[in-house]
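The values are calculated or read from the model by the stated rules, or taken from the named source; none is laboratory data. This is a predicted model, so every value here is computed, not measured. FYI the Cβ positions are ideal-geometry reconstructions off the backbone, even for glycines, and counts take in every protein chain you see. For the accessible areas, the whole protein counts, side chains as well, though only heavy atoms, and no ligand, DNA or RNA atoms are used. Shrake-Rupley method; radii C 1.70, N 1.55, O 1.52, S 1.80 Å.
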Amino acid sequence: MSLRPHVHRLLLPVAAVAVLLAAGTVGYQIVEGWGWFDALYMTAITITTVGYLEVHPMGGGGRVFTMVLALGGVFTAFYAAAEFIRAVVTGEIRTVLGRQRMESRLEKLNGHLVVCGFGRMGRLAAEEFSSAGLSFVVVDRDPKVLEGFDIPHGIPLVGDATGDDALRRAGVDRARALVTAAASDADNLFITMSARLLNERLFIVARAEGEGAELKLRRAGASRVVSPYNIGGHRVAQAVLRPNAMDFIELATQAGHLELQIEEAEVRAGSALVGRSIKASPIRSELGIIIVAIKKPGGRMAFNPAPEAVLEAGDLLITLGHRQQLDRLEQMAGGG
């Protein structure tokens, strides 16, 4: 929802007073021939009905003009006071100031995450991002859904994510990833297409409900497609077939589990790891981290790589270890 109608309504009384001041000043200059300062002073004391003496003796025309100006000042003052009281009572001033602060926060975001749709899946994704300390924006067209939004590191934004305007306000062009978790495949398709056109480098995760939606979403620009029903069915089966393995995976992928976590780290150009083998690097010997797999820039995945495997810029390391050691590895891989 745009702030313009609210701002215009709040500024209208101020504009009316300013116009009255300007008109009175010009009027006294024309009718009485006074200088601009004397004319402005006389206008101010007249429209505020202060009741001081006249600046200069006035003729009949000046007195008629003063009466008209005084009546206009009284009605304008009542109008301005009524509008101010209405804005305070209805909370409009607080709403405008709050939205301005939100817009200011949105403009400062960079490399953040965007969640489109605040249903059950969108809420869970937002809570995971919050637990990881990541900044994100939640976009939903229903203002009631976002009422009382209190998830740390998140900014609620009321808008239709299927259109470009809401996505631009959410800073999609500056974001690093977007999750579209709307209730319908059609909405997710439109959101994916719009986001991809606004940011070619954006990593997009799209929710798919119906059969055949995954292919359409990928063609529209989705980097990953998630089907809650397929994932849910697979996890139910694995919980029966491999319950202990499932317990381990769930614990290792939880942000709050500090003992052991699965994480990924990209080896960037300039990192001390580039050109070194796993054996010669401090990943295993010093940090005690297990490298589960290495994803090469071309997309090839090497599982359980040999100690002699040489790390290259652009490699994505899938690792298993303690949170503190994983954070050190991320700094090391990034060249920090």
Quiz item: Between L134 and T49, what FRET efficiency comes out of the Förster formula 1/(1 + (r/R0)^6) with R0 = 56 Å and r the beta carbon distance, rounded to 0.05?
Solution: 0.45
Quiz item: Roughly what % of DSSP beta bridges within the chain run antiparallel, to the nearest 5?
Solution: 45 percent
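Work out which helices of the chain, taken as complete DSSP H runs, extend at least 27 Å along their axis over the Cα atoms and score a mean Kyte-Doolittle of 0.5 or more, then list them.
On the way: long enough: 4-31 (38 Å, 1.17); 60-90 (45 Å, 1.26).
Those that clear 27 Å and a mean of 0.5 are 4-31, 60-90.
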Quiz item: Tally Lys/Arg at +1 and Asp/Glu at -1 over every other residue whose Cβ is under 13 Å from the Cβ of A309; what's the total?
Solution: +3
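For region 172-288, what percent of Cα pairs sit more than 25 Å apart?
50 percent
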Practice problem: Read through the labelled values [x] 19.4, 65; [y] 31.5, 103; [z] 18.8, 60 and report the label of the one computed as Rg and Dmax of the Cα atoms in Å from the structure. | Solution: [y]
Quiz item: Taking the Cα-to-Cβ direction at S184 and at A80 and moving 7 Å from each Cα, how far apart do the two end points lie in nm?
Solution: 4.9 nm
Exercise. Taking a cut-off of 17 Å between Cα atoms, list the aspartates and glutamates near K295, but don't count ones fewer than 8 places away on the same chain.
Key: E263, E264, E266, E308, E312, D315, E330
Quiz item: Per residue, how many Å² of accessible area does the chain show with a 1.4 Å probe?
Solution: 58 Å²
Exercise. Net charge near F203: determine it from the other residues with C-beta under 10 Å of the C-beta of F203, scoring Lys and Arg +1 and Asp and Glu -1.
Key: +3
Quiz item: At 222 nm, what helix-only mean residue ellipticity would the chain give, in deg cm²/dmol to the nearest 500, using -39500 (n - 2.57) for each DSSP H run of four or more?
Solution: -16000 deg cm²/dmol
Quiz item: Looking only at region 260-278, which residues have a backbone nitrogen under 20 Å from a spot 7 Å from the Cα of R242 in the C-beta direction?
Solution: 260-264
Quiz prompt | Potential extension, D164-A293 segment - 0.36 nm per residue separation minus Cα distance | solution = 42.6 nm
Quiz prompt | Segment R300-K108, length gained on full extension (0.36 nm per residue, minus Cα span) | solution = 65.5 nm
Practice problem: Could you tally the net charge around V274, taking each other residue with its Cβ under 13 Å from the Cβ of V274, Lys/Arg +1 and Asp/Glu -1? | Solution: -1
Quiz prompt | Cβ-Cβ FRET estimate between E330 and S285, R0 fixed at 25 Å, reported to 0.05 | solution = 0.90
Self-check item: Theoretical FRET efficiency, 1/(1+(r/R0)^6), r = Cβ-Cβ of Y41 and E264, R0 45 Å, to 0.05
Solution: 0.05
